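Read the structure below first, then the notes.
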Amino acid sequence: MKHIIEELEKRRANARLGGGQRRIDTQHKRGKLTARERIDLLMDENSFEEFDMYIEHRCTDFSMEKSKIPGDGVVTGWGTINGRVVYVFAKDFTVFGGSLSETHAKKMTKIQDMALQNRAPIIGLFDAGGARIQEGVAALGGYGEVFLRNVLASGVIPQISIIMGPCAGGDVYSPAMTDFIFMVKGTSYMFVTGPDVVKTVTNETVTAEELGGAKVHTTKSSIADMAYENDVEALLQMRRLMDFLPSNNESGVPVLPTADSANREESSLDTIIPDNTNKPYDMKELILNVVDEGDFFDIQEGFAKNILTGFARMEGRTIGIVANQPLVLAGVLDSDASRKAARFVRFCDCFEIPLVTFVDVPGFLPGTAQEYGGLIKHGAKLLFAFTEATVPKVTVITRKAYGGAYDVMSSKHIRGDVNYAWPSAEIAVMGPKGAAEILFRADSGDPEKIKMRIAEYEKRFANPFVAAERGYIDDVILPRDTRRRICRALNMLRDKHVENPWKKHDNIPL
Ligand code: HXC
């Protein structure tokens with residue numbers, strides 16, 4: 001028996017060495033961890049159980065039968081994160097550059113199938129050179145099998161992708177169909193075709209970083225949701241994120257103990273709105289003051305900064321927050337902000353995460369750039385997403401709620417469950433100045449008269465009471481009571497049950 005155990009230990013040690021010490025050293029020199037080091041940081045200590053450690057490819061082209069490495073470029077298995085089961089696969093760049101072969105794909109699909117069947121989240125760590133070039137079409141088939149499972153699992157279990165090195169060709173489309181993509185600054189990049197192909201086809205000269213680095217994807221393309229400084233920070237942030245996410249679409253949100261009282265008054269909120277209604281304030285500060293222990297997990301912080309999206313907790317239970325940010329473009333809704341928030345709202349609705357919406361929006365952004373760019377359809381995405389959502393929806397209008405944007409931002413009319421307004425709220429078709437200039441065009445030559453008209457319009461509409469008189473607002477609340485009122489509303493809505501009419505699926509304006 002002893003020699004059998006020794007043989008097992010030898011085989012394990014050999015498999016754990018992946019592509020060998022030289023390639024591991026190269027990985028470290030580039031500031032990257034190996035696949036197994038990453039998994040160790042991501043999972044609870046000693047919780048990871050690896051599957052298929054001894055699998056080897058079956059390719060015989062290009063003399064591949066002579067170079068076989070156990071594991072075949074991907075480490076797969078399951079473990080726990082803060083006690084909850086999570087499935088994981090991590091591309092091993094030290095083995096054939098983490099490239100995907102037929103057997104490599106089989107390892108991935110086995111884990112995908114288990115995650116879906118057992119209704120637990122799956123996290124993929126990417127660091128790879130795409131399809132295994134020596135295998136050709138067998139690798140393409142493997143990608144197809146992975147994609148299929150991404151789609152079937154969508155909306156059932158959370159799927160998270162972390163890009164920690166190259167991610168190109170076939171590798172990009174699997175992350176693109178998952179719920180969130182995170183990147184590591186400086187060492188990760190994502191593109192369909194790399195700089196060499198770009199040069200050949202379009203004659204553009206561009207570096208990998210410029211084409212698909214973390215900065216590009218978190219600020220320009222919005223492909224990635226957040227970027228972190230290094231592997232360690234990214235993995236620790238994923239542990240933090242997992243504490244916000246439900247295990248599946250039927251499990252309900254995780255509940256964490258909190259020392260933050262639901263009755264906490266926050267008197268600083270009484271003065272957060274400036275006297276001048278055109279002056280900005282930081283909506284993030286408001287959010288941090290309201291949620292449990294000021295803990296807010298930003299999603300897409302660097303993109304469309306005029307809207308904030310992210311996870312927080314109230315009384316220990318996860319909520320999704322959508323909030324206009326008056327600090328950027330006065331919090332206006334444009335195409336990017338609408339797309340960003342729509343996708344976030346849909347994630348929350350899939351996974352039964354209640355939505356809390358803070359509104360301070362002067363309307364949709366006017367202009368040819370927006371209209372030519374499809375503002376109508378992009379704005380409709382957010383309208384559609386909030387409307388179809390059946391999770392508990394609590395809305396607080398802090399200041400402006402003008403025009404169509406009022407309707408869109410989780411208003412009563414599209415099934416907002418509890419809609420509050422602060423006394424500083426202004427709910428109207430448009431701002432008083434614009435309204436007076438249109439209604440009283442004949443007075444436009446007389447600045448004194450126009451000033452009077454603006455004041456008249458302001459007095460009538462720049463308050464929450466016209467909407468409250470109609471029941472569009474359930475109550476006008478004191479800013480300092482916001483946390484308490486939201487907590488109470490969410491408790492009251494805990495067992496909300498609403499069903500949309502049966503359909504195969506809806507047809508959101510993509
Ligand atoms: C097989 C690969 C590989 C691949 C890398 N390697 N990519 N082996 N198939 N796709 C191997 C290398 O031979 C090398 O082996 C090791 O991995 C490290 O690669 P290097 O090139 O030395 O590393 P680096 O300089 O860091 O460059 C990394 C890289 C580059 C940028 C990823 O390797 C690269 O461009 N690879 C090819 C990318 C690509 O075109 N893939 C196909 C995409 S098409 P040794 O033994 O020397 O360590 C595709 C279609 C699918 O994916 C579509 C489905 C829808």
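Values in this text are rule-based calculations from the coordinates and carry no lab data. As the structure is a prediction and not an experimental result, all values here were calculated from the model. In this analysis, Cβ positions are derived from the backbone assuming ideal geometry, glycine residues included, and neighbour counts consider all displayed protein chains.
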Exactly one of TYR54, TYR87 is surrounded by fewer than 17 Cβ atoms within 10 Å (Cβ to Cβ) and either in a loop (DSSP other than H, G, I, E, B) or more than 13 Å from the ligand (Cβ to nearest atom) (or both), and that one is TYR54
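Just to be sure I understand, how many residues within the stretch 401-414 are closer than 16 Å to ASP334 by Cα and not hydrophobic (A, V, I, L, M, F, W, C)? Lay out the reasoning, then the answer.
Going through the stretch 401-414, the residues closer than 16 Å to ASP334 by Cα turn out to be 401-409.
Filter once more, so that each one left must be not hydrophobic (A, V, I, L, M, F, W, C): 402-404, 406-407.
Of the residues in the stretch 401-414, 5 are closer than 16 Å to ASP334 by Cα and not hydrophobic (A, V, I, L, M, F, W, C).
So which strands (runs of 3 or more DSSP E) stay within the stretch 274-388 end to end and still have 3 or more residues that are surrounded by 22 or more Cβ atoms within 10 Å (Cβ to Cβ)?
In the stretch 274-388, the matching strands (runs of 3 or more DSSP E) lie at 307-314, 317-324, 355-361.
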Filtering the stretch 179-197 down to residues that are surrounded by 17 or more Cβ atoms within 10 Å (Cβ to Cβ) and in a helix (DSSP H, G or I) yields PRO195
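Check the stretch 39-49 and report whether any residue there is on the phi < 0 side of the Ramachandran plot and in contact with a Leu (Cβ under 7 Å, 6 or more places away or on another chain). Walk me through it before giving the result.
Residues of the stretch 39-49 that are on the phi < 0 side of the Ramachandran plot, as a first pass: 39-45, 47-49.
Imposing the further condition that a residue be in contact with a Leu (Cβ under 7 Å, 6 or more places away or on another chain) reduces the set to 41-42.
Yes, there is a match, as at least one residue in the stretch 39-49 is on the phi < 0 side of the Ramachandran plot and in contact with a Leu (Cβ under 7 Å, 6 or more places away or on another chain).
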Assess whether THR205 counts as being of a type outside the set (A, V, I, L, M), more than 12 Å from the ligand (Cβ to nearest atom) and more than 26 Å from VAL232 (Cβ to Cβ).
yes
Of the conditions (1) more than 13 Å from VAL95 (Cβ to Cβ); (2) within 13 Å of the ligand (Cβ to nearest atom); (3) not acidic (Asp, Glu), the single one that LEU33 does not satisfy is (2)
Going residue by residue through the stretch 179-190, is there one that turns out to be among the aliphatic types (A, V, I, L, M), under 23 Å from LEU140 (Cα atoms) and away from the ligand (no atom under 13 Å from the Cβ)? yes
Note: among ILE162, ILE111, ILE81, just one is in contact with a strand residue (DSSP E or B) (Cβ under 7 Å, 6 or more places away or on another chain), away from the ligand (no atom under 13 Å from the Cβ) and closer than 24 Å to GLU229 by Cα, namely ILE162
Margin query: ILE122 - would you say it is farther than 22 Å from ARG23 by Cα, more than 16 Å from the ligand (Cβ to nearest atom) and either in contact (Cβ under 8 Å) with a residue 60 or more places away in the chain or of a type in the set (Lys, Arg) (or both)?
Written below: no
* Residues in the stretch 132-141: is at least one near the ligand (Cβ under 8 Å from one of its atoms) and at positive phi? -> no
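A quick yes/no check of all residues on (1) among the aliphatic types (A, V, I, L, M); (2) out of contact with any Pro (no Cβ under 7 Å at 6 or more places or on another chain); (3) in a strand (DSSP E or B):
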| residue | (1), (2), (3) |
| --- | --- |
| ALA15 | yes, no, no |
| GLN27 | no, yes, no |
| LEU41 | yes, yes, no |
| GLU50 | no, yes, yes |
| LYS106 | no, yes, no |
| LYS110 | no, yes, no |
| ASP113 | no, yes, no |
Among the residues that make up the stretch 99-107, is at least one of them free of Cβ contacts under 8 Å to residues at least 12 places away in the same chain and either more than 22 Å from ILE24 (Cβ to Cβ) or more than 10 Å from the ligand (Cβ to nearest atom) (or both)?
no
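Taking the stated definitions as given, is LEU152 more than 12 Å from the ligand (Cβ to nearest atom), touching a helix residue (DSSP H, G or I) at 6+ places or on another chain (Cβ under 9 Å) and over 25 Å from MET183 (Cβ atoms)? Please lay out each step first, then the result.
Numbers: more than 12 Å from the ligand (Cβ to nearest atom): yes; touching a helix residue (DSSP H, G or I) at 6+ places or on another chain (Cβ under 9 Å): yes; over 25 Å from MET183 (Cβ atoms): yes.
Here the answer is yes, as LEU152 does meet what is asked.
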Filter result for SER424 (assigned to a loop (DSSP other than H, G, I, E, B) and either over 30 Å from THR482 (Cα atoms) or touching a Gly at 6+ places or on another chain (Cβ under 8 Å) (or both)): no
Matching residues in the stretch 165-178 (under 16 Å from the mean Cα position of the chain (by Cα) and either away from the ligand (no atom under 14 Å from the Cβ) or part of a helix (DSSP H, G or I) (or both)) number 4
The lone condition VAL232 fails out of (1) in a loop (DSSP other than H, G, I, E, B); (2) over 28 Å from LEU286 (Cα atoms) is (1)
